[in-house]
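The block underneath contains the structure these notes are about, expressed in structure tokens.
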Amino acid sequence: MIKSMTGTMHDTSHDLALESRKEMVSLCNQQLANITDLYSQTKQAHWNVKGMHFEALHVLFDKMAEAVFPFGDMIAERATALGGTALGTTRMAAKASELPEIPEDVFNGERLVEIVVERWAQYAASARAAIHSAEEAGDIDTSDLFTEVSREVDKMLWFAEAHLQG
């Protein structure tokens, strides 16, 4: 379900119909909130992980966070290219994110990996839903953006899940 998160809509010469643009701006803002939250939760795990595998997990979580960081900018710029307003402050993201909060009292490496995997899997599912929504709205460019995001998120999810397998 796409929440109404368009912000101010601006005049544009973009040929996508206004209602479709509003829907896509709202979709972008929802995904912006989710990916901003995913980034910050992954950094939270990076900063606070403890245990025998500290160094490997500290590096992994940092790599994962850095992998998704640029997508926030790309998603926000897509919203503005469609004539919308990017709603991307930390507080805006916190209010709008669909991801559950990372517990502040978990430090154990294995448990943090489980939580990070859960969050990344949730975001991956929302990115795939965004691909589908954009395709249905006839916005292939926005769909393509979320396809790119989805591929990278799936790769990083695999990196984290590998620590729980075997």
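The values are calculated or read from the model by the stated rules, or taken from the named source; none is laboratory data. Computed from a prediction, not measured in an experiment: that's the story for all the values here. Here the Cβ positions follow ideal geometry from the backbone for every residue, glycine too, while neighbour counts run over all protein chains shown.
Does residue 59 qualify as being surrounded by 15 or more Cβ atoms within 10 Å (Cβ to Cβ) and over 24 Å from residue 136 (Cβ atoms)? The answer is no for residue 59. Residue count for region 89-108 satisfying the condition of being free of Cβ contacts under 8 Å to residues at least 24 places away in the same chain and assigned to a helix (DSSP H, G or I): 1.
Within region 125-166, the set of residues being small (Gly, Ala, Ser) and surrounded by fewer than 16 Cβ atoms within 10 Å (Cβ to Cβ) comprises 125, 138, 162, 166.
Condition check for residue 138 on (1) in a helix (DSSP H, G or I); (2) touching a Ser or Thr at 6+ places or on another chain (Cβ under 7 Å); (3) small (Gly, Ala, Ser): one failure, at (1).
Yes or no: region 61-84 includes at least one residue that is over 19 Å from residue 32 (Cα atoms), modelled with pLDDT of 95 or more, more than 13 Å from the chain's Cα centre (by Cα) and among the small types (Gly, Ala, Ser). No; the residues of region 61-84 include none that is over 19 Å from residue 32 (Cα atoms), modelled with pLDDT of 95 or more, more than 13 Å from the chain's Cα centre (by Cα) and among the small types (Gly, Ala, Ser).
Does residue 111 count as closer than 17 Å to residue 62 by Cα, assigned to a helix (DSSP H, G or I) and in contact (Cβ under 8 Å) with a residue 60 or more places away in the chain? So that I can check it myself, show each step before the final result.
Working: closer than 17 Å to residue 62 by Cα: yes; assigned to a helix (DSSP H, G or I): yes; in contact (Cβ under 8 Å) with a residue 60 or more places away in the chain: no.
Answer is no for this residue.
Of everything in region 8-56 that is acidic (Asp, Glu) and surrounded by fewer than 18 Cβ atoms within 10 Å (Cβ to Cβ), the residue that is modelled with the highest pLDDT is 55.
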